[in-house]
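Structure first, commentary second.
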Amino acid sequence: MEQSQNPVIIGAGPAGLTAALKLVERGVKPRIFESSGEVGGLARTGGRGEWRVDPGGHRFFTKSEEILDLWRSLLPADQWVAVQRSSAMLVHGRFVQYPLVARDLIAQLGPRHALQGLGSFLWAKMGGAGGHDDSDSFRAWGEQEFGPYWYKMFFDGYVRKTWLADPEHITSDWANQRIKPINWRLRKEPELEELDAFLYPRLGPGQLWDAAAARLAEDGVMPELNTRVIKLGFDGETWTVYLDSGETVRTDAVFSTMPLRQLVEALDPAPPRAIRAMAAALHHRSLITVAVALRTPLDAPYNWVYTPSRKLRVGRIQNYSRWSDALAPKDWKGSFLGLEYYTAPGDELCAADDETLKSIAHQDLHTLGIDESDIDQMMVERLPFAYPIYDDARDRSVSYVRDYLTSHYPTLHPMGRNGTHHYDNQDHAMLSALRSVGLYFGEHVDPWQVNTDITYHESGLLNGEEQAAG
């Protein structure tokens with residue numbers, strides 16, 4: 001391998017570490033710069049002591065044998081658990097199964113709500129909601145897919161919380177991938193429901209990425225933590241990477257998982273004003289998780305509970321006991337929850353101190369009927385650039401920025417969820433990294449085409465049941 005191949009990777013999350021593993025496999029040792037103090041990115045495991053916090057809740061499922069093989073190569077079989085998916089929407093004080101199932105809607109909400117919802121649904125399907133296409137807003141898509149009544153009940157409030165915008169100004173292209181149509185089967189089909197399972201590392205998602213970092217260390221590649229890239233100089237052939245420590249690094253290629261907007265801002269010389277403006281129009285939402293240990297065990301058989309009600313500030317609640325018993329201390333007999341709050345980077349909630357965030361969580365727990373005396377402890381985890389926002393400007397801005405970077409910087413490889421400003425699952429981020437490494441070695445692949453299928457993601461998957469069987 002030529003000595004001149006010395007790429008730099010920005011970010012030690014799933015995409016960055018996957019790219020590093022594949023580069024090392026092909027005989028190239030990169031340098032990895034990570035701005036935080038730990039590896040894993042959004043898929044890290046936070047917490048305190050024996051309390052392990054999964055910010056976001058990470059299901060490990062994929063349609064790619066390549067990704068599944070990589071997961072299995074990093075952790076032995078006894079460190080994976082197979083988890084049955086079970087989630088619900090908390091509406092009118094009742095837990096309604098999600099994805100929505102018609103028979104459960106009727107059982108939980110009663111005949112009046114069921115009849116109103118069914119009438120609204122049929123009206124929409126007969127053209128009353130005006131129809132929709134891929135360019136529609138999320139609101140138009142939701143009203144057509146579920147009818148205005150059920151759309152309003154289940155999705156409008158939740159989307160406002162999570163995307164921090166009016167659903168009229170959010171595009172619908174991600175919805176087909178992540179929101180399943182109503183299941184109209186009148187009888188339960190346990191054999192199908194059992195297939196809705198996923199893998200999960202016993203000690204949380206960060207266990208996998210700690211293992212990836214350990215594998216890289218064996219080959220002499222160690223992520224340089226608390227190291228921020230502040231500028232990327234390019235002379236037409238060679239990159240100069242400027243670090244916040246004052247060090248500069250010369251490299252033949254840059255693999256970047258930093259937010260696409262920040263990547264464009266870091267380029268020197270600066271791109272044209274129009275491209276900078278397009279990048280500046282890209283926005284993120286942040287994720288704050290307040291993990292709560294309750295002394296009383298809760299009878300809540302769900303991984304996630306979505307909370308569209310305006311009476312609650314929390315957007316979604318994780319039940320960590322449903323993910324893995326090892327996320328709590330060994331002898332813990334109570335409950336362990338993760339309350340998820342969505343905010344914009346730099347806004348008031350994002351800037352709030354831990355005590356303020358815990359106070360907000362206390363209020364939500366009180367609204368849910370949980371007494372303050374039942375709280376054993378609380379922990380706060382923050383992720384400032386957790387999700388790219390799919391607003392009106394997103395498609396056009398990403399398209400222009402992508403085309404400019406591809407034509408002017410052939411050795412710059414944006415990848416992963418933030419690097420491409422694309423709402424990727426973990427396996428998609430990893431696939432974009434694998435394709436980026438392939439491109440680096442001259443293969444005819446396009447990393448930007450990963451996860452462009454608009455069909456529902458979560459069917460026909462390689463999942464926990466197959467892992468258990470294997």
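The values are calculated or read from the model by the stated rules, or taken from the named source; none is laboratory data. Values in this document were obtained by computation on a predicted structure and should not be read as measured data. Reconstructed Cβ throughout: ideal geometry from the backbone, glycine too, with neighbour counts over all protein chains shown. Each accessible area value is taken on the protein alone, full model and side chains, heavy atoms only, with ligands, DNA and RNA left out. Shrake-Rupley method; radii C 1.70, N 1.55, O 1.52, S 1.80 Å.
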Open item on the list: Looking for something aliphatic (A, V, I, L, M) and either part of a helix (DSSP H, G or I) or more than 18 Å from the chain's Cα centre (by Cα) (or both) - is there at least one such residue anywhere in the range 53-61?
Closed with: no
Open item on the list: Taking the conditions exactly as written (surrounded by fewer than 15 Cβ atoms within 10 Å (Cβ to Cβ) and assigned to a helix (DSSP H, G or I)), does Leu115 satisfy them or not?
Closed with: yes
TODO: Determine whether Thr289 is outside any loop (DSSP other than H, G, I, E, B), surrounded by fewer than 17 Cβ atoms within 10 Å (Cβ to Cβ), at pLDDT 95 or above and not small (Gly, Ala, Ser).
DONE: no
- [ ] Can you run down the residue pairs with Cβ atoms below 9 Å, 6 or more apart or on separate chains, where the first is in the range 40-53 and over 16 Å from Pro14 (Cα atoms) and basic (Lys, Arg) and the partner is open to solvent by 30 Å² or more (accessible area, probe 1.4 Å) and assigned to a strand (DSSP E or B)?
- [x] Arg48/Gln377
Open item on the list: Going by what's in this entry, would Ala82 be described as within 17 Å of Gln207 (Cβ to Cβ), open to solvent by 20 Å² or more (accessible area, probe 1.4 Å) and in contact (Cβ under 8 Å) with a residue 12 or more places away in the chain?
Closed with: yes
Task: Ala326 vs. criteria buried (at least 19 other Cβ atoms within 10 Å of the Cβ) and either under 17 Å from Pro55 (Cα atoms) or in contact with a Gly (Cβ under 8 Å, 6 or more places away or on another chain) (or both) - done: no
- [ ] Working carefully through the options Thr257, Thr248, find the one that is closer than 24 Å to Leu434 by Cα and among the polar types (S, T, N, Q).
- [x] Thr257
TODO: Scan (1) touching a residue at least 40 places away in the same chain (Cβ under 8 Å); (2) surrounded by 18 or more Cβ atoms within 10 Å (Cβ to Cβ) for the single condition Arg396 breaks and write down its number.
DONE: (2)
Task: Matching residues in the range 63-95 - criterion: being within 19 Å of Asp364 (Cβ to Cβ), of a type outside the set (Lys, Arg) and assigned to a strand (DSSP E or B) - done: Ser87, Ala88, Met89, Leu90, Val91, Phe95
Task: Of the criteria (1) closer than 19 Å to Ala20 by Cβ; (2) surrounded by fewer than 15 Cβ atoms within 10 Å (Cβ to Cβ); (3) within 29 Å of the chain's Cα centre (by Cα), which one Asp244 fails - done: (1)
Task: Which listed residue, of Phe234, Phe255, is touching a helix residue (DSSP H, G or I) at 6+ places or on another chain (Cβ under 6 Å) and either under 29 Å from Asp424 (Cα atoms) or open to solvent by 50 Å² or more (accessible area, probe 1.4 Å) (or both) - done: Phe255
TODO: Would you mind finding the one in Pro297, Pro308, Pro272 that is in contact with a strand residue (DSSP E or B) (Cβ under 8 Å, 6 or more places away or on another chain) and either among the acidic types (Asp, Glu) or surrounded by fewer than 17 Cβ atoms within 10 Å (Cβ to Cβ) (or both)?
DONE: Pro297
Open item on the list: Could you go through the range 214-222 and let me know if any residue there is touching a Gly at 6+ places or on another chain (Cβ under 8 Å), surrounded by fewer than 22 Cβ atoms within 10 Å (Cβ to Cβ), aliphatic (A, V, I, L, M) and more than 23 Å from Ala88 (Cα to Cα).
Closed with: no
Open item on the list: When you scan the range 399-413, do you find a residue that is modelled with pLDDT of 95 or more, aromatic (Phe, Trp, Tyr), assigned to a helix (DSSP H, G or I) and open to solvent by less than 40 Å² (accessible area, probe 1.4 Å), even just one?
Closed with: yes
Open item on the list: Of everything in the range 374-412, what is under 17 Å from the mean Cα position of the chain (by Cα) and farther than 25 Å from Asp446 by Cα? Give them in sequence order.
Closed with: Glu381, Arg382, Leu383, Pro384
- [ ] Spot the failing condition for Cys350; the list is (1) surrounded by fewer than 19 Cβ atoms within 10 Å (Cβ to Cβ); (2) within 30 Å of Thr238 (Cβ to Cβ), and only one is missed.
- [x] (2)
Task: Filter result (among the small types (Gly, Ala, Ser) and part of a strand (DSSP E or B)) within the range 375-398 - done: Ala386
Task: Scan of the range 51-73 for residues that are surrounded by fewer than 20 Cβ atoms within 10 Å (Cβ to Cβ), of a type outside the set (S, T, N, Q) and modelled with pLDDT of 90 or more, ordered by number - done: Trp51, Glu65, Glu66, Asp69, Leu70, Arg72
TODO: Only one of these is open to solvent by 10 Å² or more (accessible area, probe 1.4 Å), at positive phi and at pLDDT 95 or above: Gly40, Gly47, Gly93, Gly27. Name it.
DONE: Gly27
- [ ] Read through the list (1) farther than 16 Å from Leu199 by Cβ; (2) surrounded by fewer than 24 Cβ atoms within 10 Å (Cβ to Cβ); (3) more than 21 Å from the chain's Cα centre (by Cα), then give the number of the only condition that Ile32 fails.
- [x] (2)
